[in-house]
């Protein structure tokens, strides 16, 4: 059987937009200590990527949400200074509450999508992709203006 060199580490990130705000965490550890980023982290050997994104989100923000769609897979070499990583990014929905930084997140908060801070890793690209998708199509839980029972915007 051929032997392959160790491959990239598998990570997950959560893109949670609610009422025009994006949930971000301030990193408490290197790399990018003090910078803002999407909640996320490494997938444990015993969990699926869906389980991992929900776990990481709760550990870093104290909030619970569920993945409702795959935004994309990000794997550009050099995206993480610790070494090669592949991140599976999910759109999340849940009950919006006040987040609290935990685990390796020094802080967590909702940011207006119109006034985001500089982001760590390649998270600015991920957020651009996610917000473009948000504008193009209806996300779960979002009603179109004029739809039965939905107030016009």
Q: Quick one: count up the residues across segment 36-61 that are surrounded by 18 or more Cβ atoms within 10 Å (Cβ to Cβ) and not in a helix (DSSP H, G or I).
A: 7
**Q.** Members of segment 33-57 that are over 24 Å from residue 7 (Cα atoms) and more than 12 Å from the chain's Cα centre (by Cα)
**A.** 33, 34, 35
**Q.** Check on residue 109, in contact (Cβ under 8 Å) with a residue 40 or more places away in the chain and surrounded by fewer than 16 Cβ atoms within 10 Å (Cβ to Cβ)
**A.** no
Q) Would it be correct to say that residue 25 is assigned to a strand (DSSP E or B), touching a residue at least 12 places away in the same chain (Cβ under 8 Å), over 15 Å from residue 127 (Cβ atoms) and in contact with a strand residue (DSSP E or B) (Cβ under 7 Å, 6 or more places away or on another chain)? A) no
Q | Residues that are part of a strand (DSSP E or B) and either out of contact with any strand residue (DSSP E or B) (no Cβ under 6 Å at 6 or more places or on another chain) or farther than 13 Å from residue 40 by Cβ (or both), drawn from segment 104-115 | A | 106, 107, 109, 110, 111, 112
Q. Residues in segment 96-114: is at least one under 12 Å from the mean Cα position of the chain (by Cα) and over 16 Å from residue 18 (Cβ atoms)?
A. no
Q. For segment 73-96, how many residues are surrounded by 16 or more Cβ atoms within 10 Å (Cβ to Cβ) and outside any loop (DSSP other than H, G, I, E, B)?
A. 10
(Q) I need the full set of residues from segment 1-17 which are over 13 Å from the mean Cα position of the chain (by Cα) and either part of a strand (DSSP E or B) or under 25 Å from residue 93 (Cα atoms) (or both), in order please. (A) 9, 10
**Q.** Out of 72, 62, 101, sole residue that is closer than 13 Å to residue 24 by Cα and touching a strand residue (DSSP E or B) at 6+ places or on another chain (Cβ under 6 Å)
**A.** 101
Q | Filter result for residue 99 (at pLDDT 95 or above, over 26 Å from residue 34 (Cα atoms), in contact with a helix residue (DSSP H, G or I) (Cβ under 9 Å, 6 or more places away or on another chain) and not in a helix (DSSP H, G or I)) | A | no
**Q.** Residue check for residue 31: touching a residue at least 24 places away in the same chain (Cβ under 8 Å), in a loop (DSSP other than H, G, I, E, B) and under 19 Å from residue 77 (Cβ atoms)
**A.** yes
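The values are calculated or read from the model by the stated rules, or taken from the named source; none is laboratory data. Small disclaimer: the values here were computed from a predicted structure and weren't measured. Ideal geometry is used to build each Cβ from the backbone, glycine not excepted, and the neighbour counts take in all protein chains shown.
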